[in-house]
Amino acid sequence: MRGAPIDVLERVPLFHDLDQGEIGQIALLFKERDFEAGETIIQEGSGGAAFYVIETGEASVTIQGKPHSVLRQGDYFGEIALIDEGPRMATITAASRLDCWGLTYWDFRPLVEANGVIGWKLLQRMAMMLRDARAGGQ
């Protein structure tokens, strides 16, 4: 099945500046992804090209082998991979059965290239999120 529910994506801060039509275009690109408890979804340092939004379940985040946080319904991970395909910054492991919606770089990039308005809004939101993260760290 393709297409994430719009209400799930509306909770993702990266998409806050998009209108319902724009979110709808992105929602169609998502695929349902399920992971069993204990399954590694992302390995720190590996190449990455997918973004996930959690619909149900929990995932643990470790950085350099140390526990960092727990992700739950409505949380997301891998958004940087949608832009740069760079190495993963953390390991994400399903702490319970995890039902997610996934979006790959290869599906996302053509939409952004074809729709400058969406691309610009996402760029502005990422800049705002970076600014907020830096301000919080000082």
Counting alpha carbon pairs within less than 8 Å and at least 6 residues apart, what relative contact order, in whole percent, applies to the chain?
30 percent
State in Å² the accessible area per residue of region 33-135; use a 1.4 Å probe, count heavy atoms of protein chains only, and round to the nearest integer.
56 Å²
On the full set of protein chains, 1.4 Å probe, figure out the accessible area of residue 112 and give it in Å² to the nearest 10.
40 Å²
Using only protein heavy atoms and a 1.4 Å probe, report how much of residue 93 is accessible, in Å² to the nearest 10.
30 Å²
Counting only protein heavy atoms and a 1.4 Å probe, tell me what percentage of region 6-137's accessible area is made up of carbon and sulfur.
54 percent
Additional length obtainable on full extension of the chain from residue 16 to residue 85, 0.36 nm per residue less Cα span:
22.6 nm
Could you state how much accessible area residue 106 has, in square angstrom rounded to the nearest 10, with a 1.4 Å probe and all protein chains kept in place?
150 Å²
Quick one: if you stick a label point 7 Å off each Cα along the C-beta vector at residue 46 and residue 115, how many nm between them?
2.9 nm
For the chain, with +1 on Lys and Arg beta carbons and -1 on Asp and Glu, the positive-most of 29, 78, 111 along the dipole:
78
Using 0.36 nm times the number of residues separating residue 130 and residue 33, minus their current alpha carbon distance, what extension gain do you get?
32.1 nm
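The values are calculated or read from the model by the stated rules, or taken from the named source; none is laboratory data. Predicted model, so just to flag it, every value in this text is computed and none were measured. Every residue, glycine as well, gets a Cβ built from its backbone with ideal geometry; the counts of neighbours run over all protein chains shown. Ligands, DNA and RNA are excluded from the accessible area calculation, which covers all protein heavy atoms including side chains. Shrake-Rupley method; radii C 1.70, N 1.55, O 1.52, S 1.80 Å.
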